[in-house]
Amino acid sequence: MSHQMTCEQVLADAVLFVHGELSMEQEERIETHLRECESCRAEVAEQRSLFALLADSREEVPAHLLVECR
């Protein structure tokens, strides 16, 4: 049996949802909530945009720096 999620619950799990770190059941519950809640949809969209921006801005760490840090 699935229970409807609150905005507070969805927002608490938004980062995990965006990163695909939730169970299928949890994802389905969030997706159900997002279909009906514009404000949570906007927050999740913002999280996705931020994640994409950070992923695009990754720089390669020079090998010598990694050796020095060990």
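Quick notes
- Annotation: cysteines of the chain without a disulfide-compatible partner (Cβ-Cβ under 4.7 angstrom) are C7, C69.
- Three-way shape label, segment 1-46, alpha-carbon gyration tensor, a/c 1.5: oblate
- The 1.4 Å probe gives accessible areas that order D13, D56, largest first, as D56, D13.
- With every protein chain in place, the chain: carbon and sulfur % of accessible area (1.4 Å): 52 percent
- The residues of the chain expose on average 82 square angstrom of accessible surface per residue, using a 1.4 Å probe on protein heavy atoms.
- Rounded accessible area of E38 (nearest 10 Å², 1.4 Å probe): 130 Å²
The values are calculated or read from the model by the stated rules, or taken from the named source; none is laboratory data. For clarity, every value in this text was computed on a predicted model and none was experimentally measured. FYI the Cβ positions are ideal-geometry reconstructions off the backbone, even for glycines, and counts take in every protein chain you see. Keep in mind that these areas ignore ligands, DNA and RNA; they rest on the heavy atoms of the full protein, side chains included. Shrake-Rupley method; radii C 1.70, N 1.55, O 1.52, S 1.80 Å.
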